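*Asks:* Next up is a structure, given as structure tokens.
What follows is calculated from the coordinates using simple rules that are stated; it is not laboratory data. Small disclaimer: the values here were computed from a predicted structure and weren't measured. Cβ coordinates were reconstructed from backbone atoms using ideal geometry, including for glycine residues, and neighbour counts include every protein chain displayed.
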Amino acid sequence: MSTPVPVSEPNVDRDRVIIFDTTLRDGEQCPGATLNVEEKLIIARQLAQLGVDVIEAGFAIASPGDFEAVYKIAETVGTADGPIICSLARAIKADIKAAAEAIKPAAHGRIHTFISTSDIHLEYQLRKSRPEVLAIASEMVAYAKSFCDDVEFSPMDATRTDPEYLYEVLEAAIAAGATTLNIPDTVGYSTPEEFGALIRGIKQNVRGIDRTIISVHGHNDLGLATANFLEAVKNGARQLECAINGIGERAGNTALEEIVMALHVRRQYFNPFLGRPVESVAPLTKIDTTQIHKTSRLVSKFTGMLVQANKAIVGANAFAHESGIHQDGILKNKLTYEIMDAQSIGLTENQLVLGKHSGRHAFGARLKELGFALTELELNSAFVRFKEVADKKKEITDWDLEALVNDEIRQA
Ligand code: KIV
Ligand code: ZN
């Protein structure tokens, strides 16, 4: 093991959560989502607008294009008041050197190095023993530290690693100078309770852990990525690694918009876990939530990855109401069926989608918006016609409505 170096306190407020965006690295590992340098640069600029704390801009050694993207993002987005620009590197000297070169132009750069620690990965992938991997982790963190103060270390497949061995590796990484310790649920295997307990165990058993930031990295194979993160925050994690629209390997990474909005909408529930007064309404992250929708559209357009209509927060239906009862409630008071404002994620308004479940109230409100001033009698008979049409069509457009009302007026 290398000689331990003193670790300085990371300069962050412990009562807020750091958002580490990996759309351009793990997100791009999604089949078919490859981005060119220019597209990555445009997305990185938007991520800075969104207010993420860290941009994992790529895996510098992976290809000349990835190196160039990290370098250019470091140069243009990595300004003094901009986000930390990070490159991934295996626990291999050549990787770490390439990462260090690529992030050089950034005012705040980070090297993120990783090695697997689960027995299954050690046996079949690395073909190395536990002591060998421990020594490599320590040596490579120290090597990364020789280029950059800000070093993140990830024991890959942490959630399937023997916890006692995990603690040992993390302690060695801290002693070698790691400032952020990231706990990846690489295969999306963990459950919320288990993940929370793992973070709690790390906080209680790893010497020096309080001088570092505990980070978590999630995959959504069981659809539990966001729930796992919320438990991690409750147990001491202060950095969350996520991707826009939840893109990434297999079922994807934890979706940035989900975890950010969960912490935003339920901030009073989470306040005590971050040592804040319950009643505080101050945001828990630095994200400008009104940039979420725009960022989601941009990433979807460049990656070609469509967002499912019922996707939480950014799906086309996330703020759309079709049923009559819901539409009636929304028109009277939005809080009846909405837990967050469409405007809070950058949409102009919620949508009342007219279909066969819609009620007279929503129908009348839409006609008013379209400029029709109908009498009570006209409205009643137009509504009967509307229900007939709605039985035959999935969704009624404004054109349908105009045609329908004009017919009604002609017949009157
Ligand atoms: O899923 C994973 O383990 C990773 C690491 C490189 C952090 O993406
Ligand atoms: Zn990952």
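*Asks:* In the stretch 290-354, if the dipole is taken from +1 on Lys/Arg beta carbons and -1 on Asp/Glu beta carbons about the Cα centre, which of Gly304, Asn317, Gln343 is farthest to the positive end?
*Replies:* Working it through, the farthest residue towards the positive pole turns out to be Gly304.
*Asks:* Sticking with this one: Above 25 Å lies some portion of the pair distances; for the stretch 1-153, what is it as a whole percent of all C-alpha pairs?
*Replies:* Roughly 32 percent, rounded to a whole number.
*Asks:* Once fully extended, how much extra length lies between Lys387 and Thr290, figured as 0.36 nm per residue of separation less the alpha-carbon to alpha-carbon distance?
*Replies:* Details: separation 97, 0.36 × 97 = 34.92 nm, distance 3.60 nm.
Length gained, Lys387 through Thr290: 31.3 nm.
*Asks:* If the chain between Asp119 and Thr348 were fully stretched, how many nm would it gain, using 0.36 nm times the residue separation less the Cα-Cα distance?
*Replies:* Details: separation 229, 0.36 × 229 = 82.44 nm, distance 5.05 nm.
Contour length minus the Cα-Cα distance gives 77.4 nm.
*Asks:* Determine the gain in length on full extension of the stretch Gln268-Glu132; use 0.36 nm per residue of separation and subtract their C-alpha separation, reporting nm with one decimal.
*Replies:* Roughly 44.4 nm would be gained on extension.
*Asks:* While we're looking at this one, here's another question. With a 10 Å Cβ neighbour count serving as the proxy for reagent exposure, in which order, fewest first, do Leu126, Leu335, Leu41 appear?
*Replies:* Leu335, Leu126, Leu41
*Asks:* Which lysines, if any, have their Cα less than 24 Å from the Cα of Lys234, not counting same-chain residues under 8 positions apart?
*Replies:* Lys203, Lys286
*Asks:* Cut-off under 14 Å on the C-alpha distance; same-chain residues fewer than 8 positions from Lys93 excluded. Which aspartates and glutamates are left, in chain and number order?
*Replies:* Here the aspartates and glutamates satisfying the reach criterion relative to Lys93 are Glu101, Glu139.
*Asks:* Now for a separate question. Once both labels are modelled 7 Å past Cα along the beta-carbon direction, what's the Asn406-Ala197 spacing in nm?
*Replies:* 6.6
*Asks:* Can you sort Thr76, Thr289 from fewest to most other Cβ atoms within 10 Å of each residue's own Cβ?
*Replies:* Least crowded to most crowded, the residues run Thr76, Thr289.
*Asks:* How big is the dipole moment of the stretch 267-412 about its Cα centre under a simple scheme where the beta carbon of each Lys and Arg is +1, that of each Asp and Glu is -1, and everything else is neutral? Debye, nearest 20, please.
*Replies:* Dipole magnitude for the stretch 267-412 comes out near 600 debye.
*Asks:* In addition: How big is Rg to Rh over the stretch 240-330, alpha-carbon atoms, Rh as the Kirkwood inverse-mean-distance radius?
*Replies:* Here Rg/Rh amounts to 1.04.
*Asks:* Compare the Cα positions of Gly109, Gln49, Ile92 along the charge dipole of the chain (+1 at Cβ of Lys, Arg; -1 at Cβ of Asp, Glu; about the Cα centre) and return the one farthest towards the positive end.
*Replies:* Sorting the options by dipole projection puts first Gln49.
*Asks:* Using the 10 angstrom Cβ neighbour count as an exposure proxy, how do Cys242, Cys148 rank, fewest first? Please list the in-between numbers first.
*Replies:* Details: Cys242 29, Cys148 21.
Least to most surrounded, the residues fall as Cys148, Cys242.
*Asks:* Now, a different point. Across all directions of projection, what mean area in square nanometres is found for the Cα convex hull of the stretch 303-412?
*Replies:* Working: hull surface 32.0 nm².
Average projection, Cα convex hull of the stretch 303-412: 8.0 nm².
*Asks:* Sticking with this one: Just to compare against my own numbers: the Cα pair-distance distribution for the stretch 29-80, 10 Å bins, whole % per bin, please.
*Replies:* Bin by bin from 0 Å, the calculated values are 25, 58, 17, 0.
*Asks:* Still on this structure: To the nearest 0.05, what FRET efficiency results for Asp81 and Thr375 with a Förster distance of 60 Å applied to their C-beta separation?
*Replies:* 0.55
*Asks:* Explain nothing, just the number: dipole magnitude of the stretch 231-294 about its Cα centre with +1 on each Lys and Arg Cβ and -1 on each Asp and Glu Cβ, in debye rounded to the nearest 20.
*Replies:* For the stretch 231-294, the charge dipole is close to 160 debye.
*Asks:* Give me the Kirkwood hydrodynamic radius of the chain in Å, from all C-alpha pairs, to one decimal place?
*Replies:* 23.1
*Asks:* Mind putting a number on the dipole of the chain about its Cα centre? Charges go on the C-beta only, +1 for Lys and Arg and -1 for Asp and Glu, and I need it in Debye to the nearest 20.
*Replies:* Using only the charged Cβ atoms, the result is roughly 200 debye.
*Asks:* Exceeding 18 Å between C-alpha atoms, which entries from my cross-link table qualify? They are Lys97/Lys145; Lys356/Lys393; Lys40/Lys301.
*Replies:* none
*Asks:* Provide the convex hull volume over Cα atoms per residue for the stretch 178-281, in Å³. Walk me through the numbers on the way to the answer.
*Replies:* Numbers: hull volume 10.3 nm³, N = 104.
Enclosed volume per residue, from the Cα hull, is 99 Å³.
*Asks:* So, one more: Show which aspartates and glutamates lie in cross-link reach of Lys334 when reach means a straight Cα distance below 16 angstrom and same-chain residues fewer than eight apart are skipped.
*Replies:* Once the sequence-local aspartates and glutamates are set aside, what remains near Lys334 is Glu322, Glu349.
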